[in-house]
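Every number here is computed from the coordinates shown, using simple stated rules; none is lab data. Not measured: the values here are computed from a predicted model. Ideal geometry is used to build each Cβ from the backbone, glycine not excepted, and the neighbour counts take in all protein chains shown.
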Amino acid sequence: MKQMRLRYAGVCRDCRASLPAGAEAIYATETKTIRCLECATEAMETRSPDLEPPDDDSLSDAPGVPGSSARREYERRQAKDEEKLREKWGRFSGLAGALSGERQHTKSWDRGAIGEERLGARLNALATDGLAVLHDRRIPGSKANIDHIAITPAGIWVIDAKRYKGRPELKIEGGILRPRVEKLLVGRRDCTKLVDGVLKQVEVVRSLFGDVPITGALCFIEADWPLIGGSFSTRGVHVLWPKRLVKVLTEQTAGGFDVARMRQSVASRFKPA
């Protein structure tokens, strides 16, 4: 960790206070999060003097903060938008921003971060000796990340959280005279690329843990699910909602894998984003 002057606005990871660009703060290079000086000072004062600071391995082994990388990207884009408004409108930038509203591309990162945070809180409530969870893990050699990873006695689950409006549906085309094609629709929008993304993440994990069952899941946080049924699978990827995902994960008891050891192995390969 190091003290620095923030280039972009951010949020303290402890007290969630907003920190403007130019403010002095403590930056954690491993987790890429910031602390305000007050929280950093309080942490130092309450730390036992005979405790050593955590090394890189212990930081990698931490469960991670749900939605942290999406939240940072939102704050970076928000600060950049505000800077452009100040350059264009000067002292009227606040009024211009209020009238124009937040850019959709910027707002989408905030929506995504909220979805990951909410799902992460549900998954954290499941964490026991028989079920472990990791959040916001960096894919090795890539800027991309995996939203959530759940480790159960039956294997590893790769979970992508989405906060989309509309009803997720499976549309099947062809099948007899033409090749069978499965499409994921959300509110009539073709979102099949989301399934492709999860499958790519599953393949990355499988390349490192080929002897362990790997399952992919798309979890829609605020979708318009029907009262009865609704969840389905497409190309091996489960499409469901948080409550259903929790139920499915808690049922993954068969298999006999050492959850604690597997969690440590997964965390060492997929570090916090």
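Numbers below:
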read-out: Out-of-range pairs (alpha-carbon distance over 30 Å; input 80/162; 84/200; 2/193); value: 84/200; 2/193
read-out: Expected 222 nm ellipticity per residue - DSSP helices of 4 or more, -39500 (n - 2.57), all of the chain, to 500; value: -12000 deg cm²/dmol
read-out: Contact order normalised by residue count of the chain, Cα under 8 Å, 6+ apart, percent; value: 18
read-out: Residues of the stretch 153-180 with amide N under 12 Å of the 7 Å Cα→Cβ point at residue 225; value: 168
read-out: Exposed trypsin sites (Lys or Arg not before Pro) absent - longest run of the chain, DSSP non-H/G/I/E/B, at most 11 other C-beta within 10 Å; value: 48-142
read-out: Calculated SAXS-style log₁₀ I(q)/I(0) at q = 0.15, 0.18 Å⁻¹ - the stretch 118-269, Debye, Cα scatterers; value: -0.79, -1.09
read-out: Among [x] 1.01; [y] 0.97; [z] 1.19, the entry that matches Rg/Rh (Cα atoms, Kirkwood Rh) as calculated here; value: [x]
read-out: Most fluctuating residue given options 67, 210, 101, as computed from a GNM of the chain linking Cα atoms under 10 Å; value: 101
